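Down below is the structure, laid out as structure tokens.
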């Protein structure tokens, strides 16, 4: 995907579908999209209700980011439907019973591609969309320089598991401690979003995200109550645009034991 979207369908070059344990991560930096005429074209991709929501946002920057987020979702998903040309303007969405957005595939009875799952996350300065096939996905992005107003350990004791608090308490450098806190937050939020049942279904203090011994960037999920860990959920943590942490969580419904493969495009 280019950072300059286009509403001309021939420019939406079809994309190869992700494999089962692969996540495609697309992102856009709002600051780099400056053309007002381009933003006007993007608004033509959105449904009337989406445009209404954009206009209800307070301030030009919030409206711009909301517009870019919906454009990113529509143009990305449309390009994966390689068996049929899908106009991004015709895509329809629904929410599950917990409010997680999904594509309403019932409107595409002739579409033979496996159903795509997607999830979107954004900060003021970056918008990202993760795409998988067959398995649910959750993503979260956080600014690496995000300021934490309260004491890190006090905040961790309020929201994190006991093991995560212990881990953070062993870090003497305040700056390193702050960054590790943000990484954990990003990973935990990605898991909750992958579950798709809302934050009440998995409060942050009911599970632990911990590094896998002998791996680089590998993480596992352990239940706080039982202290048991399982491989049903796979995680990836990376940096985007040198300024953000991005966490990806997908369900390994076949318990393959493999790692998450991530392709990134901006």
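FYI, it's all coordinate maths here, none of it is from the lab. Worth saying up front: this structure is predicted, and the values here are computed from it rather than measured. FYI the Cβ positions are ideal-geometry reconstructions off the backbone, even for glycines, and counts take in every protein chain you see.
Residues 57, 92, 21 in ascending order of nearby Cβ atoms (within 10 Å, fewest first): 92, 57, 21.
Over all pairs of different C-alpha atoms in region 151-248, the reciprocal of the mean inverse distance, the Kirkwood hydrodynamic radius, equals 13.9 Å. For region 9-135, a Kirkwood radius taken over Cα pairs fed into Stokes-Einstein (20 °C, viscosity 1.002 mPa s) yields D = 140 µm²/s.
Across region 138-203, the convex hull enclosing all Cα atoms gives 82 Å³ per residue.
Averaged over residues, the count of other Cβ atoms within 10 Å places the peptides 70-76, 60-66 in the sequence 70-76, 60-66, highest first. Sorting 147, 179 by the number of Cβ atoms found within 10 Å of their own Cβ, with the fewest placed first, yields 147, 179.
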